[in-house]
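First up is the structure itself, then whatever we jot down about it.
The values are calculated or read from the model by the stated rules, or taken from the named source; none is laboratory data. All values derive from a computational prediction rather than experimental measurement. Counting neighbours? That spans all protein chains shown, and the Cβs are built from the backbone with ideal geometry, glycine included. Remember, those area values only see protein heavy atoms, side chains included, never the ligands or the DNA or RNA. Shrake-Rupley method; radii C 1.70, N 1.55, O 1.52, S 1.80 Å.
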Amino acid sequence: MDKDLKIFKGHVIFTKTQDKFEVIEDGYIVVLNGKIKDVCKVLPKEFCNNEIVDYTNKLIIPSFIDLHLHGPQFENVGLGMDKELLPWLNTYTFPEEAKFKDIDYAKKVYSNLIKSLWENGTTRCVIFGTIHRKATEILMELFEKNGFGAYVGKVNMDRNSPEILIESTEESLSETEIFLEKYKENKRVKPIITPRFVPSCTPDLMLGLSSLAKKYSVPVQSHLSENNGEIEWVKNLHVESKNYSSVYDEHGLFGGQIKTVMAHCVHNDEDEIKMLKDKGVFVAHCPTSNLNVYSGIAPIKKYMSLGIDVGIGSDISGGHTLSILECIVSAIQSSKMYFKYVDSKYGMLSLSEAFYLATKGGGKFFGNVGSFEEGYDFDALVVDDSSIYSVLNKNLEQRLEKFIYSGNTSCIIKRFAYGKLLEVIL
């Protein structure tokens, strides 16, 4: 018996491709050293003497990836939904983020955030901190201590920001390099370059961040074309550039050799869409946020049809919830509105496509994550949906659909990341 080999039994559901679910009723997942070795209906003889972790009649699905959220905004979840993006930032977001100069405050908020992510079945995320390096280090270390996977960014802002939340260019770059140097060897919780967005970063800062990304071989995250007012602001700041995406590209922060994820991408023009594809930039689709601060509806089905990599982000606290279940539903509903009232060419998101975005789609940013395929990390949720499916017989896809639309955190009974049971210890 191999102590590093684990076998899980249950109803296995995942999306190898976006167009359909892979369903194995009463199936087995064989995990060796945290990675999937086999997924099967009948257990091979070579594994029959190993102990089986039995989740009979439970659903085993990949755990969720949140491709875009703001850690320091956790306390503001559900507040300030009465304003558009830019007024919302100034009224609610920036004052809250300024509090993270206080290390004790940061630890309290980030501890609560970690617990809530765990409850919601999110085991990996790509997350913004604040400009405060020490507070962002607390966030890094909490993720690491509690067994999550994450990319964590110390935010950079050296212009057009409130006095309580701004850095000099030199300070921003030097603090970022200290952060990168400290965590450059991390395997699971890694640093990511994080210019907040073009309006808050000078050209010198963006060029310096690009150099650091290349020097330390780390990815980049930022925002792109979320709101019409923001886009006009960028045009006025960078009249020499063709569009918003070009500003990032001209400063070395838009894909290519540097892995990049851009949140929102609601209003990209055709040239920018081509750039996303050609440069291999990921899109973090944040449907709940885009509706709450009435930014618009992103053409996600179009992006997927064109081969652009897309994942789902909660974008708290523009988004009102950390629940990726709610984000999946919102993504489907938004795509229906886009199909009906904007452009019907590419169709609507199916359930499998939206589930794919929340698992394998976002998981690609981490590597082999978000699916039950050989060589993938075993990141999984065990779902007891007995409280929500009726006495009528339902097939497994219907049970998953009911969980997505009407389930809650109480249905998630086990969470795994990197092949290990995830239990929050804080």
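Below is a table of values for the structure above.
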read-out	value
Lone unmet requirement of (1) out of contact with any Lys or Arg (no Cβ under 6 Å at 6 or more places or on another chain); (2) open to solvent by less than 10 Å² (accessible area, probe 1.4 Å) for L79	(2)
Out of I300, I388, sole residue that is out of contact with any Asp or Glu (no Cβ under 6 Å at 6 or more places or on another chain) and open to solvent by 10 Å² or more (accessible area, probe 1.4 Å)	I388
Selection from the stretch 353-380 of residues that are in a helix (DSSP H, G or I) and open to solvent by less than 10 Å² (accessible area, probe 1.4 Å)	A354, F355, L357, A358, T359, G361, G362, G363
Within the stretch 34-50, tally of residues that are under 17 Å from F378 (Cα atoms) and of a type outside the set (K, R)	5
Filtered residues of the stretch 310-342 (kept if of a type in the set (D, E) and surrounded by fewer than 20 Cβ atoms within 10 Å (Cβ to Cβ))	E326
From the options L43, L59, residue that is farther than 14 Å from K6 by Cα and either in contact with a helix residue (DSSP H, G or I) (Cβ under 6 Å, 6 or more places away or on another chain) or surrounded by 15 or more Cβ atoms within 10 Å (Cβ to Cβ) (or both)	L59
Tally of residues being among the acidic types (D, E), open to solvent by 40 Å² or more (accessible area, probe 1.4 Å) and in contact (Cβ under 8 Å) with a residue 24 or more places away in the chain across the stretch 236-294	3
